[in-house]
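The values are calculated or read from the model by the stated rules, or taken from the named source; none is laboratory data. Worth saying up front: this structure is predicted, and the values here are computed from it rather than measured. Ideal geometry is used to build each Cβ from the backbone, glycine not excepted, and the neighbour counts take in all protein chains shown. Heavy atoms of the whole protein, side chains included, go into the accessibility calculation; ligands, DNA and RNA do not. Shrake-Rupley method; radii C 1.70, N 1.55, O 1.52, S 1.80 Å.
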Amino acid sequence: GLRPDAPLESVLDGVRWRVAERRFAPGVQLIEAIADPLDIAAGYARLAEAALRVVADAVICEFESRHGRVPDGRLLVLGLGRLGGGALTAASDLDLIYLFSGDFMGESDGAKPLATTLYFNRLVQRVSAGLSAPTAAGPLYEVDTRLRPSGNQGLIAVSIDSFAKYERESAWTWEHMALTRARVVYGADKDRAAVDAIIDEVLHRKREPGKLYADISRMRADIREHKPAAGPLDVKLIDGGLIDLEFVVHYHQLLVCEGLSPSLPQAIAGLVQAGQIPAELGVAHDLMTRLLVTLRLVAPAAAVDDDLSEWVRGLIAKLCGLSDWAALCTAYAEARSMVAGLWSEIASEEEHQE
């Protein structure tokens, strides 16, 4: 019931209250062990998307009252990473790429006209500020726009045509990896279809396996160097953890152009069907994602077993579908071992091809 034409601050305050309320409830459900962490992750993603829509609508409404509209110009937002995949944790950033349609040589038609590119870059700064504004409980969402074309050096918002040109001609392999999880989370159907077609075209490009492997393994080595795992419970960054699992999936997606869904479970299912990866990878993904979502809520700073009380260990095991902490540790070790094994298989295949 938040009207986009209400005063902007009242809309933003309303969003913050609603997000804070809805973020609290899943934590209670987890502690009472009445919800599947995978469902909670999907709920967090829907909540973030709804917040983005309300904030963007309200910011656009206020901005247009001052600067008018760009002829045939509209904002489009791509969600990447966990938002694109529709599965956030309580601590996830929003990875966004801001795009716009319309004549980028034109200008808006309001009392204070702005050239198109400036218009949309100012607009999206306000959308980001609306999403990441500090509250009593900290920022609503951290917004990360580093995946935009030409990275931190480039404009925050670029035209759909510029995005297409960049992805076709200049993007690095890791940027195409990021596109495997791209999903339009805000925008008109016409622009959505245009951007979906660009992404589809880029992801169906034929790739040389040796270069693809070299690029992805270099990216993984960079992450390992700059963001080492904090400890055994760093499910995301640990060797054989979720980053390694994602990279195995992205390697096969880009190599064979199968399983091209931004949802990791759907991507894995597509690659299993195509005979590229074993079905057990889906089980490993679900286990480690449940563990990540649960830890982020009940013990965000935990790096080792000793950081957790016995009761919390029992709760985490139950939420991950296992009888006790020892069983969870065994399943977690087996999942990591399988992911590491798949990565080693890819490496040895590439070495034999050279």
task = Please give the helix 209-226 orientation as an angle from the longest Cα principal axis of the chain, in degrees from 0 to 90, rounded to the nearest 10.
result = 90
remark   = Charge tally for neighbours of GLY73 with beta carbon under 11 Å away, counting Lys, Arg as +1 and Asp, Glu as -1, is -4
query = Under 15 Å from the 7 Å Cα→Cβ point of GLU345, by amide nitrogen: which residues of the stretch 278-293?
reply = 278-285
task = Could you check the simple spin-label distance between LYS112 and ALA25, using points 7 Å along Cα→Cβ, in nm with one decimal?
result = 3.9
task = Take every DSSP beta bridge whose two residues both sit in the chain, then give the antiparallel share in percent to the nearest 5.
result = 70
request  = Could you tell me what percent of the DSSP beta bridges with both partners in the stretch 27-162 are antiparallel, to the nearest 5?
outcome  = 65
inquiry  = Quick check for you: with a 1.4 Å probe and neighbouring chains kept, what is the accessible area per residue of the chain, in Å²?
reply    = 47
remark   = Cβ-Cβ cut-off under 13 Å around LEU319, Lys and Arg +1, Asp and Glu -1: the net charge is -1
ask   = On the accessible surface of the chain, probed at 1.4 Å, how many percent belong to carbon and sulfur atoms?
value = 53
Karplus-derived 3J(HN,Hα), 6.51/-1.76/1.60, for each residue of the stretch 70-76, Hz, glycine and proline x = 8, x, 6, x, 9, 7, 9
task = Please determine, in degrees from 0 to 90 and to the nearest 10, the orientation of helix 325-353 with respect to the longest principal axis defined by the Cα atoms of the chain, where the helix direction is its Cα long axis.
result = 80
task = Mind listing the long-range amide H neighbours of ASP144? Cut-off is under 5 Å, sequence gap 5 or more, other chains count too, H placed in the peptide plane at 1.01 Å from N.
result = LEU94, ASP95, LEU96
message = I need to check one value: relative contact order of the chain, counting alpha carbon pairs closer than 8 Å and at least 6 residues apart, in percent.
response = 17
ask   = Residues in the stretch 72-93 near a label at ASP161, defined as backbone nitrogen under 18 Å from the 7 Å Cα→Cβ point?
value = 72-76
